[in-house]
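Below: one structure, written as structure tokens.
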Amino acid sequence: MTQTISSPNGTPISRFAFGTMQFGGTASERDSAEMFEACLDAGITHFDTAYLYTDGASETILATLAAPHRERLVIATKVGYRGGAGAENLRSQFDASRQRLNMDHVDVLYLHRFDAETPIEETLETFAKFKADGYISYVGLSNFAAWQVVKAAWAASKLDLKIDLLQPMYSLVKRQAEVEILPMCADLGILPATYSPLGGGLLTGKYSAKDTQGRLATDERYAARYDVYWMHITAVDLSELAAARDAHPATLAAAWVAKHGAAPSPILSARNLTQLEPSLAATSFDMDDALYAEITALSQTPAPATDRLDEA
């Protein structure tokens with residue numbers, strides 16, 4: 001099954017996306033504008049934000065930048081990370097997001113994370129109402145396990161609704177999505193718009209030089225997420241392979257994600273244009289099967305869902 005997602009004027013969604021989580025935070029308005037224009041020049045038409053990001057600044061900055069190009073862009077935002085997935089909270093946050101974005105209609109709306117306290121039917125009925133009222137075109141889920149997505153897809157089918165996109169974490173050092181999430185997306189026709197293709201910056205190689213400015217050095221959550229010895233070895237090995245190929249490790253890391261058979265759409269992000277450029281190079285990087293296999297071998301392949309390693 002395949003999923004076709006397009007902008008209001010029918011422009012197909014781009015192969016890569018750009019995440020604006022740092023707009024108005026570690027990325028100034030000027031840096032945000034420079035990165036946005038560079039993304040357009042690279043052919044990116046898919047821009048992702050969230051109600052939660054930078055206290056709303058991400059959405060308001062994106063609104064200004066996207067306005068002249070709105071009809072050919074796919075704009076996505078997310079609600080429900082805080083406050084739960086109940087109808088009242090979703091409506092309140094989505095209303096605020098649309099006001100910040102200065103858009104009556106947002107192409108993609110995600111539930112930002114699974115809420116075990118709210119019946120999924122209530123959540124999806126709210127999304128179905130948004131779609132029926134013309135406020136959204138596509139429904140997305142973020143940070144869901146495979147079983148949670150299937151549960152949501154089953155409930156959605158009863159409302160004549162479809163789960164169109166899923167945002168899982170996926171990189172060379174975070175490959176759990178390969179076990180069930182990516183195969184599930186391919187089977188159900190869900191577009192996996194995967195985040196953190198650079199492993200929180202680990203795969204850029206900068207931390208081997210003891211960089212103290214990136215998230216792994218300043219954000220406790222990211223530090224804990226990637227505080228695994230073999231991940232750092234993988235990052236060093238990728239940097240060495242990239243140097244031998246006269247490429248940047250970030251380029252290889254992002255292109256590797258896109259090469260997976262489930263055709264993920266990696267969400268690129270950065271603090272400024274200089275930091276973004278190696279990732280943008282991945283949009284035109286031609287990775288052959290041999291290089292893909294070589295990079296894959298640098299990290300640990302997760303066990304199959306059945307955990308029958310003898311059959312892996």
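The values are calculated or read from the model by the stated rules, or taken from the named source; none is laboratory data. Predicted, not measured: the structure shown is a model, and the values here were computed from it. In this analysis, Cβ positions are derived from the backbone assuming ideal geometry, glycine residues included, and neighbour counts consider all displayed protein chains.
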Review point. Between residues in the range 80-105 that are closer than 15 Å to Gly134 by Cα and residues that are of a type in the set (Asp, Glu) and part of a loop (DSSP other than H, G, I, E, B), which pairs lie under 9 Å by C-beta distance while being six or more apart or on different chains?
Key: Arg98/Asp104
Study note, to complete from the structure: If you go through Ala247, Ala235, Ala258, the only one that is more than 15 Å from the chain's Cα centre (by Cα), outside any loop (DSSP other than H, G, I, E, B) and of a type in the set (Gly, Ala, Ser) is Ala235
Review point. Residue check: is Tyr138 assigned to a strand (DSSP E or B) and buried (at least 18 other Cβ atoms within 10 Å of the Cβ)?
Key: yes
Point to revise | Residue that is nearest to Met169 (Cα to Cα) [pool: residues in the range 110-149 that are touching a His at 6+ places or on another chain (Cβ under 9 Å) and of a type in the set (Gly, Ala, Ser)] | key: Ser142
Point to revise | Close pairs (7 angstrom Cβ cut-off, 6 or more residues apart or separate chains): touching a residue at least 60 places away in the same chain (Cβ under 8 Å) and on the phi > 0 side of the Ramachandran plot in the range 33-58, of a type outside the set (Gly, Ala, Ser) and in a loop (DSSP other than H, G, I, E, B) anywhere | key: none
Review point. Among all residue pairs at least 6 apart or on different chains, which show Cβ distances below 7 Å where the first residue, located in the range 66-79, is surrounded by 15 or more Cβ atoms within 10 Å (Cβ to Cβ) and the second is acidic (Asp, Glu)?
Key: Val74/Asp107; Ile75/Asp107; Ala76/Asp48; Ala76/Asp107; Thr77/Glu59
Review point. Within the range 277-295, can you find the residues that are surrounded by 15 or more Cβ atoms within 10 Å (Cβ to Cβ) and touching a residue at least 60 places away in the same chain (Cβ under 8 Å)?
Key: Glu277, Pro278, Ser279, Leu280, Ala282, Thr283, Ile295
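Is it fair to say Asp187 is acidic (Asp, Glu), touching a Gly at 6+ places or on another chain (Cβ under 8 Å), closer than 26 Å to Ala76 by Cα and at pLDDT 95 or above? Can you show your working first?
Details: acidic (Asp, Glu): yes; touching a Gly at 6+ places or on another chain (Cβ under 8 Å): no; closer than 26 Å to Ala76 by Cα: yes; at pLDDT 95 or above: yes.
Taking the combined requirement at face value, the residue does not satisfy it.
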Exercise for review: Please work out if Arg70 is modelled with pLDDT of 95 or more, more than 24 Å from Thr251 (Cα to Cα) and either out of contact with any Asp or Glu (no Cβ under 9 Å at 6 or more places or on another chain) or of a type outside the set (Phe, Trp, Tyr) (or both).
Suggested key: yes
Study note, to complete from the structure: Tyr222 passes all but one of the listed conditions (1) of a type in the set (Phe, Trp, Tyr); (2) in a helix (DSSP H, G or I); (3) touching a helix residue (DSSP H, G or I) at 6+ places or on another chain (Cβ under 8 Å); (4) modelled with pLDDT of 95 or more; the exception is number (4)
Exercise for review: Look through Thr60, Thr4, Thr77, Thr64 and report the one residue that is over 21 Å from Gly134 (Cβ atoms) and either touching a Lys or Arg at 6+ places or on another chain (Cβ under 9 Å) or at pLDDT below 95 (or both).
Suggested key: Thr60
Review point. Could we say that Ala253 is small (Gly, Ala, Ser) and either farther than 24 Å from Ala76 by Cα or modelled with pLDDT under 95 (or both) here?
Key: no
Review point. Pairs under 9 Å by beta carbon, first residue more than 15 Å from Gly200 (Cβ to Cβ) in the range 230-259, partner among the acidic types (Asp, Glu), six or more apart or different chains?
Key: Leu241/Glu294; His248/Glu277; Ala255/Asp286; Lys259/Asp289
